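The values are calculated or read from the model by the stated rules, or taken from the named source; none is laboratory data. Treat the numbers as computed from the prediction; the structure is a model and nothing was measured. Here the Cβ positions follow ideal geometry from the backbone for every residue, glycine too, while neighbour counts run over all protein chains shown. Protein only, heavy atoms only, side chains kept; ligands, DNA and RNA dropped before computing areas. Shrake-Rupley method; radii C 1.70, N 1.55, O 1.52, S 1.80 Å.
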Amino acid sequence: MVSYSTAMTTNSLISPSITSILPGGAFCRLGILASGSGSNFEAVAQAIKNGQLNAQIQVLIYNNPDAYAAVRAENWDIPAVLLNHRDYKSREDFDAEIVRTLQKYNVEWVVMAGWMRIVTQVLIQAYTDKIINIHPSLLPSFKGASAIEQALASGVKIAGCTVHIVRLQVDDGPILMQAAVPILPDDTTETLHQRIQIEEHRILPAAISLAIKAE
Ligand code: GRF
């Protein structure tokens, strides 16, 4: 049973409450797309290991050859596949190869965990309503690649992160879960991002669990 209450923690506000969602849910085979560090990928792997998320990561797909996410995948003994977008003629060709790879690994749900590519209909139609994204702002505010810089420049006092179902428009689609993070007077992009990431690592596995249960 999913509760839509909110949960207050020491330095953040999460909605809906994650305590009422974890653990459990139907088993699900995940494919993760990551472009960089992969800390969110690792948070999902850890949540599965802890029994908080009833899933298995079938494959990590990464697009930058030096992405640290690939090292994390190796440490977790999870297959990692490099698909370099620079090798493809169009976004659609690139997404078609992603879909082929996801299908080869029997992926049911796709998680964009720091995936810095614009996705096309090719991917969205292959996994309709089964692609999840994490974004470092309280959507619909501050879409795009510089969300944290935009939040700091705007003067808002509350930042945060959002997990949502992916639609064709960038950083758009039904919201699964959000966490709010206060902006401190001396915050830089780095310090704020660090505190937002703490919340990302909590809500991403919880939101995946929520989405799988709602299916
Ligand atoms: C996260 O802050 C995520 O919100 C954004 O990119 C970052 C990826 O971080 N889309 P990591 O690679 O998971 O550490």
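Probe radius 1.4 Å, ligands and nucleic acids left out: which of GLU74, GLU199, GLU97 has the largest accessible area, and how do the rest follow?
Largest to smallest exposure gives the sequence GLU74, GLU97, GLU199.
Over the chain, with every protein chain in place, what whole percent of the accessible area is carbon and sulfur at 1.4 Å, could you tell me?
53
At 1.4 Å probe radius, can you tell me the per residue accessible area of the chain in Å²?
47
How many angstrom lie between the Cα centre of region 191-215 and the Cα centre of region 72-94?
23
Ranked highest first by average number of other Cβ atoms within 10 Å, how do 127-133, 101-107 line up?
127-133, 101-107
Report the accessible area of TRP115, computed with a 1.4 Å probe over the heavy atoms of all protein chains in place, in Å² rounded to the nearest 10.
That residue has around 10 Å² of solvent-accessible surface.
How much accessible surface area, in Å² rounded to 10, belongs to the heavy atoms of HIS201 with a 1.4 Å probe?
Counting only protein heavy atoms, the figure is 60 Å².
Determine, at each q value in 0.12 (inverse angstroms), the log₁₀ of I(q)/I(0) that the Debye formula gives when each Cα of the chain is one equal point scatterer.
-0.59
Please work out how much accessible surface CYS161 shows to a 1.4 Å probe, ignoring ligands, DNA and RNA, in Å² rounded to 10.
Looks like 0 Å² after rounding.
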